[in-house]
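Participant: Sharing a structure with you now.
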Amino acid sequence: MKPASGKKLTLSLNSLQESSSEPVYRRGVQYYRRKKVLKYEESEGGAKIEALVIGSEPQPYKVNVTVESEAVFKAECSCPYFEEVCKHSVAVILTHIARGNPGIRFDLAENDRGRDNPQDRAPKAKEMLDDAKGNEPEPDESRHQLGVLVLEKPLALIVGTVPHERQGKVNILKVPPEFLNVLEPESKIHRLTKYLTQLPQTTKGIAGGHRIPRGDEGTVIGHLSLCSKLINTADGSEVSFSTKTIKPLAVMSRLKAANCS
């Protein structure tokens, strides 16, 4: 790639912030600060960017960014994350912005970008959903299809709808709030949809599904087993539930766990 020279096109920081979700932007800033961006090259004028970024895999991820104007860009990364703008892309674009604005700082205050902690205002699953024990499941013919996805890094349970066609890395979508209008009020699927649509949005647009807060996963999975036909969006297979009780192989108390080192 030909090195940049002459007048350079530089993307604005505000455009990057508006295009990325808050958790992704924060992680991207951390990657930038920790100098995770390795090989970095810009075309003449800064319109094309190629870079390698250290990630969780042995080999660095490849990031390509096309800057069309100060407010418009497109980023592609070889990582498996489903959002168009991932933390690796953020780190690369911050490098681009810093080169065009010497001395600029990327601070992350607690109230940065004007948002509160999403966990503080998330609905409580146990208050809205049913316990799988003691509740009759819906018959198969009345179940609604939903998708589930388990992320490994960071560990998270994602619930949403399955797209008709997979577009790039996007294999799960958010449930549209309008879906509530066609469901029977207070039915199991209605309450599940209401819970999902009230969760804080940690991703931009309709892609990415709904990330279930830590501690609510068991309740949500139990309720899903009562009213939904579940598809594993990673491979398209149907998820089934067993009624057999699983006996744990080992039990460790908190006291014993605290004494382990």
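The values are calculated or read from the model by the stated rules, or taken from the named source; none is laboratory data. Bear in mind the structure is a predicted one, so any value in this text is a computation, not a measurement. Reconstructed Cβ throughout: ideal geometry from the backbone, glycine too, with neighbour counts over all protein chains shown.
Participant: Could you pull out every one of the strands (runs of 3 or more DSSP E) wholly within the stretch 1-95 that has 1 or more residues that are over 27 Å from LYS174 (Cβ atoms) and aromatic (Phe, Trp, Tyr)? So that I can check it myself, show each step before the final result.
Facilitator: Numbers: elements: 37-42, 48-53, 61-67, 73-77.
Ranges flagged: 37-42.
Participant: Something else now. Being on the phi > 0 side of the Ramachandran plot and either among the hydroxyl-bearing types (Ser, Thr, Tyr) or assigned by TED's automatic domain parsing to the domain that holds GLU70 (or both) is the requirement here; does GLY45 meet it?
Facilitator: yes
Participant: Something else about it: Go through the stretch 179-219 and give me each residue that's among the β-branched types (Val, Ile, Thr) and in contact with a Leu (Cβ under 9 Å, 6 or more places away or on another chain).
Facilitator: Matches in the stretch 179-219: ILE189, THR193, THR197, ILE206, ILE212, THR219.
Participant: Does at least one position in the stretch 78-93 carry a residue that is in contact (Cβ under 8 Å) with a residue 40 or more places away in the chain, surrounded by 19 or more Cβ atoms within 10 Å (Cβ to Cβ), closer than 30 Å to LEU149 by Cβ and polar (S, T, N, Q)?
Facilitator: Among the residues of the stretch 78-93, at least one is in contact (Cβ under 8 Å) with a residue 40 or more places away in the chain, surrounded by 19 or more Cβ atoms within 10 Å (Cβ to Cβ), closer than 30 Å to LEU149 by Cβ and polar (S, T, N, Q), which makes the answer yes.
Participant: Further, regarding this structure: Among the candidates VAL29, VAL67, VAL37, which residue alone is surrounded by 13 or more Cβ atoms within 10 Å (Cβ to Cβ) and within 26 Å of ILE158 (Cβ to Cβ)?
Facilitator: After ruling out the rest, the residue left standing is VAL29.
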